[in-house]
Amino acid sequence: MQGHEQSAAWCTYLFMMELLASIHCYFWSPSRTICLWMSLVLLLQYSKTVVSKSDYLIGLGSYDITGPAADVNMMGYANAEQIASGIHFRLRARSFIVAEPQGKRVVFVNLDACMASQLVTIKVIERLKARYGELYTEQNVAISGIHTHAGPGGYLQYVVYLITSLGFVRQSFDVLVDGIEKSIIQAHENLRPGSIFVNKDSGFSTGELLDASVNRSPSAYLNNPASERRKHKYDVDKEMTLLKFVDDQWGPVGSFNWFATHGTSMSRTNSLISGDNKGAAARFMEDWFEKNGIKSSDTNESGSDGLPRRVSNIIPNIHDDNNKLLELATSFRSSPGSPATQTMSVARRVRGALKQAEKPGFVSAFCQTNCGDVSPNVLGAFCTDTGLPCDFNHSTCGGKNELCYGRGPGYPDEFESTRIIGERQFRKAVDLFEKASEQLKGEVDYRHTYIDFSQLEVTLTKVGGGSEVVKTCPAAMGFAFAAGTTDGPGAFDFKQGDDQGNPFWRLVRDVLKTPDKKQVDCQHPKPILLDTGEMKQPYDWAPSVLPIQILRIGQFVILSVPGEFTTMSGRRLRNAVKTVLTRSGNGEFGSNTHVVIAGLTNTYSQYVATLEEYQVQRYEGASTLYGPHTLSAYIQEFQKLATALIKGQPVEAGMPPPDLLQKQISLLTPVIMDSTPAGKNFGDVSSDVPANSTFKRGSTVTVVFWSSCPRNDLLTEGTFALVEMLQGKDTWTPMYDDDDFCLRFKWSRHSKLSPQSKATIEWIIPSSSSPGVYRIRHFGASKGLMGSIRHFTGSSSAFVVA
């Protein structure tokens, strides 16, 4: 009830201030009576504003969850060769809490991660219960992933999701649990009276975002009934829905939005940690707000590259003569590597320096929804050998899936594609944010239960009347799963749209587990490649028990689903729940009811295709684990939750999923030690900028340092790379760090087993950068043979940006 106490204290404070003003006015004003009456009127008006303006307490938080930037396999593409080796920009957990002052509350966490993990969720809830008691539990806390395919893996608990990461990676797991907890703590401590506005209509245009997504499995989508498809203009959901959070005192403090597009702008060969397009959009919007506040976003407030101007524009430039700048730069040669404190990189962070002491920082999250068949590679899928479009039904090129790749708008530059798709989401979000006017009103509530999807009875209505009961199946993956998608094709001779399989791979499958006839019939027409739901050694390969959850904030409802719903699956689920809510007859939900799906939430169970899409057995159907009736099972169980919600009835908790932490196996080799060549220190420059160099905006500055393995210290809320600008004669001010889109930290070993490594830092100079003298700096931590960790730093020679 800390937030309620803050609200009461705030009201008391306002009352005392007005009372003191009235007394002062009475004793010192010539017109005592008039003044007193005016003060009383103002006091009454102000009190009404404080009491009635806000129905809720709101709090937002954000914390760094960037995992190990070396040696760890990335989660998403299941490509064993995609090993992290640096940072594109940092990953964060962003949270909001909404509470009724004397009632219920809900928590929503958006992760710059591929998906939520059941084990992470379990441990976060344990920590929250230890800290807050029953205030935050699995019932009212939702943890959702944006589905970036460029984050470290190894943090889920089921075997099938840990194969390419060589098992469990404790460092990946711990940084997520720690970061989520800290972001929720921040949100809790920021709870204050405030209002929430929802928008999916930006005035003259709707919330439709037309150029950030395409359907990557159109042949499967076309198998849905024509009458159903005619109800929709597009074969993917183009609408963005946004919540705007407004603190009564500080004004806007954040926004969360939901829009469907995969986090696959960065390719399966990328090795830099990245939040992909949604993480980029969040970074752009938070920087935009810190610069512009609530002012209108126009071209004058952005650089010519279309991105928000950075802090370099805030600092006045005192140098305007290039010769003088060069002369000044030559006096700053590269500094040798030197010891540093553990917190030095944190203290030098750009955004940490900008944060105001009292005002909470602006938090913007770009959340995932029903993205199952939705790709950001909007130019389409083409064959890498011929340049021609891929086969429509199977996404192959000459019968081979390995050659069929989707192209993003920045093709062939994946960084540019990420920026463009991120910027398009960012601009739509700004539009919705600035025009949001529909205020959320009503109760805060939630329902949550655990369901065993391996053997769930589902009642289906027959077309001619009556009903039949069908069942879901133990989890299994089809042959087309191994074919991958046009965002990241698989290997060997698998292909999408395969409802037969082949004898060779059946033999390989049978070495692990041969599915029995009951399972084969249940999963039909999916040919089973991996019978994961019935594979239990060394522990469970796939989940059976899944959480489902509804969060309500007034007329806004979030459906927390533990997987990737396809476009049509998501539409059916939203419509089914909305129908239950609006036809309840109690008047709480009307035509303005907003229902969004939060995908990849609380745990992960792969895809959910419609019954008709399942028949086609493209990647999404082959990855629908629990058989052809999976979607119907979700709809049935969510309708039960929605009914309980509107009737104020409890639901059965269900049998919780297992906690498999003690059974985890890790084969990832630890860091033994780091070293440098004789005569070199950690942090020394290996390759410097050219002497007396001047760079133009838009060009790239590259510096290489002798470094150490980034796994020694993740530098959480810190930075491995920094661009500093000279202010005055000898003061270096942080300008860009490794949380900036324009600065890339790349790490590499001398050889695979070598203890020697280097850090390459690349700065693509933004067009909005101010002319002046700059240098590049590196932070790191080395590990000695006896296990001691020593932090270090080093810097390049100075150079001029003209």
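The values are calculated or read from the model by the stated rules, or taken from the named source; none is laboratory data. In this text the structure is predicted, and so the values were computed from the model without any measurement. Neighbour counts run over all protein chains shown; Cβ positions are idealised from the backbone, glycine included. Accessible surface areas use protein heavy atoms only, side chains included; no ligands, DNA or RNA. Shrake-Rupley method; radii C 1.70, N 1.55, O 1.52, S 1.80 Å.
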**Message:** Given the condition assigned to a loop (DSSP other than H, G, I, E, B) and within 24 Å of the chain's Cα centre (by Cα), answer yes or no: does some residue in the stretch 587-596 qualify?
**Reply:** no
**Filter result (out of contact with any Lys or Arg (no Cβ under 6 Å at 6 or more places or on another chain) and either open to solvent by less than 10 Å² (accessible area, probe 1.4 Å) or aliphatic (A, V, I, L, M) (or both)) within the stretch 629-653** = T630, L631, A633, Y634, I635, F638, A642, I646, A653
**Selection from the stretch 100-119 of residues that are surrounded by fewer than 24 Cβ atoms within 10 Å (Cβ to Cβ) and touching a Phe, Trp or Tyr at 6+ places or on another chain (Cβ under 6 Å)** = V106
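Do we have any residue at all in the stretch 564-573 that's at pLDDT 95 or above and closer than 21 Å to T121 by Cα? Break it down into steps so the answer makes sense when it comes.
Of all residues in the stretch 564-573, those at pLDDT 95 or above come to 564-573.
If we keep only those that are closer than 21 Å to T121 by Cα too, we end up with 564-565.
Yes, the stretch 564-573 contains a residue that is at pLDDT 95 or above and closer than 21 Å to T121 by Cα.
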**Request:** Might you check whether a residue that is in the same structural domain as A187 (by the TED database), hydrophobic (A, V, I, L, M, F, W, C) and open to solvent by less than 10 Å² (accessible area, probe 1.4 Å) occurs anywhere in the stretch 130-138?
**Result:** no
**Prompt:** Only one of these conditions is not met by R424: (1) surrounded by fewer than 16 Cβ atoms within 10 Å (Cβ to Cβ); (2) more than 19 Å from K640 (Cα to Cα); (3) charged (D, E, K, R). Which number is it?
**Reply:** (1)
**Prompt:** Within the stretch 481-504, is even one residue closer than 30 Å to L641 by Cα and open to solvent by 40 Å² or more (accessible area, probe 1.4 Å)?
**Reply:** no
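Among the listed residues V511, V470, identify the single one that is under 26 Å from T603 (Cβ atoms) and of a type in the set (A, V, I, L, M, F, W, C). Walk me through it before giving the result.
Working: V511 fails: under 26 Å from T603 (Cβ atoms).
Just a single option satisfies the conditions, and that option is V470.
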**Item:** Pick from the stretch 671-681, criterion open to solvent by less than 80 Å² (accessible area, probe 1.4 Å) and either among the basic types (K, R) or in contact with a helix residue (DSSP H, G or I) (Cβ under 8 Å, 6 or more places away or on another chain) (or both), ranking: farthest from S754 (Cα to Cα)
**Value:** V671
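Quick grid of which residues meet (1) within 25 Å of A150 (Cα to Cα); (2) at pLDDT 95 or above; (3) assigned by the TED database to the domain that holds E414; (4) of a type in the set (V, I, T):
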position	(1), (2), (3), (4)
A480	yes, yes, no, no
F492	yes, no, no, no
K513	no, yes, no, no
H524	no, yes, no, no
I528	no, yes, no, yes
I558	no, yes, yes, yes
V561	yes, yes, yes, yes
**Request:** Within the stretch 536-551, track down each residue that is open to solvent by 10 Å² or more (accessible area, probe 1.4 Å) and either within 20 Å of T121 (Cα to Cα) or without any contact (Cβ under 8 Å) to a residue 12 or more places away in the chain (or both).
**Result:** K536, Q537, Y539, D540, W541, S544, V545
**Complete:** For helices (runs of 4 or more DSSP H) lying entirely in the stretch 326-445, having 3 or more residues that are among the hydrophobic types (A, V, I, L, M, F, W, C), over 30 Å from E588 (Cα atoms) and not assigned by the TED database to the domain that holds R216 picks out 344-347, 350-354
**Request:** Could you figure out which of (1) assigned to a loop (DSSP other than H, G, I, E, B); (2) closer than 30 Å to S770 by Cβ isn't true of T676?
**Result:** (2)
**Message:** Let me confirm something: among I122, I97, which residue is at pLDDT 95 or above, of a type in the set (A, V, I, L, M, F, W, C) and open to solvent by 10 Å² or more (accessible area, probe 1.4 Å)?
**Reply:** I122
**Asked** Restricting the search to the stretch 731-771, which residues are touching a helix residue (DSSP H, G or I) at 6+ places or on another chain (Cβ under 8 Å) and either among the hydroxyl-bearing types (S, T, Y) or assigned by the TED database to the domain that holds A70 (or both)?
**Response** Y736, S768, S769, S770
**Fill in**
Residue set G59, G76; condition at pLDDT 95 or above, farther than 24 Å from L668 by Cβ and not polar (S, T, N, Q); output residue G59
**Asked** Restricted to the stretch 773-802, and to residues that are within 33 Å of the chain's Cα centre (by Cα) and farther than 19 Å from M725 by Cα, which residue is surrounded by the most Cβ atoms within 10 Å (Cβ to Cβ)?
**Response** G780
**Prompt:** Going through the stretch 395-434 one residue at a time, which ones are over 17 Å from the mean Cα position of the chain (by Cα) and of a type in the set (K, R)?
**Reply:** K400, R407, R427, K428
